[in-house]
1. Within segment 106-143, restricting attention to residues that are of a type in the set (Asp, Glu) and modelled with pLDDT of 90 or more, which residue is farthest from the chain's Cα centre (by Cα)?
2. Checking the conditions here, which among ASP102, ASP87, ASP152 is at pLDDT 90 or above and more than 10 Å from the chain's Cα centre (by Cα)?
3. Looking only at segment 136-156, count how many residues are among the aliphatic types (A, V, I, L, M) and either under 15 Å from LEU71 (Cα atoms) or touching a Gly at 6+ places or on another chain (Cβ under 9 Å) (or both).
4. Among the residues of segment 18-33, count how many are without any contact (Cβ under 8 Å) to a residue 60 or more places away in the chain and under 17 Å from the mean Cα position of the chain (by Cα).
5. Would you mind telling me which numbered condition in (1) more than 20 Å from CYS126 (Cα to Cα); (2) surrounded by fewer than 17 Cβ atoms within 10 Å (Cβ to Cβ); (3) modelled with pLDDT of 80 or more GLN74 fails?
6. Which numbered condition trips up VAL67, out of (1) under 21 Å from VAL154 (Cα atoms); (2) modelled with pLDDT under 90; (3) in contact with a Leu (Cβ under 6 Å, 6 or more places away or on another chain)?
7. Taking only segment 3-16 into account, find how many residues are surrounded by fewer than 17 Cβ atoms within 10 Å (Cβ to Cβ), in contact (Cβ under 8 Å) with a residue 24 or more places away in the chain and more than 26 Å from LYS121 (Cβ to Cβ).
Amino acid sequence: MVNNTEMRTAIAKQISVRMKAKNFSILTLEREAGLKTHSVRNILRGKSKRPSADILQAVADVLGCTVKDLLQNQEIFQEEEFSESKDEQLNETYAYPTLYLDTVQFVNNVLHQKGRNVTVKQALTCFEEIYFHSAQKDPTKVDKEFSEWWIDLVVG
């Protein structure tokens, strides 16, 4: 089980490596992502204990990766080794419709249990990120641990 400190370290490492590959400064990344000054800097320095889903999505969009890529606890050495972009994922064959339905149901149940309302954009982001993560890990079931962590990022 990955704890919050390990997850924060993984996110910071992934952002840092991907920034270097794209030759982005912290300020450039923040500006391109439309974020407030120090949003990325606080993640990289470990000051941001729970970066929001919106911030992670904005950073991922600018860096040309998915939020899932930022959550991976492994080093990346070359840009060519980056996993496929979000556009590539969205253009793949819809191979796991049952997994997607299970993902939507799981997210809705968790949100209902937490008594939280989210925007349509936040819900769609949850469905998308959790579906892609689960499909790569085990396409027969929703990764509940990741899902709960991700939903907490969105509603936290």
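The values are calculated or read from the model by the stated rules, or taken from the named source; none is laboratory data. Quick caveat: nothing in here was measured; it's all calculated off a predicted structure. Glycine gets a Cβ as well: all are built from the backbone with ideal geometry, and neighbour counts include every protein chain shown.
1. Only one residue fits best here, namely ASP138.
2. ASP102 is the lone residue from the list that is at pLDDT 90 or above and more than 10 Å from the chain's Cα centre (by Cα).
3. Looking only at segment 136-156, we keep the residues that are among the aliphatic types (A, V, I, L, M), and these are 142, 151, 153-155.
So of that shortlist, the ones also either under 15 Å from LEU71 (Cα atoms) or touching a Gly at 6+ places or on another chain (Cβ under 9 Å) (or both) come out as 151, 153-154.
The qualifying residues number 3.
4. 4
5. With (1) more than 20 Å from CYS126 (Cα to Cα); (2) surrounded by fewer than 17 Cβ atoms within 10 Å (Cβ to Cβ); (3) modelled with pLDDT of 80 or more applied to GLN74, the lone miss is (3).
6. (2)
7. Of the residues in that region, 3 qualify.
A quick yes/no check of all residues on (1) in the same structural domain as GLU128 (by TED's automatic domain parsing); (2) assigned to a loop (DSSP other than H, G, I, E, B); (3) modelled with pLDDT of 90 or more:
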residue: ALA10; (1), (2), (3): no, no, no
residue: ILE15; (1), (2), (3): no, no, yes
residue: LEU29; (1), (2), (3): no, no, yes
residue: LEU35; (1), (2), (3): no, yes, yes
residue: VAL59; (1), (2), (3): no, no, yes
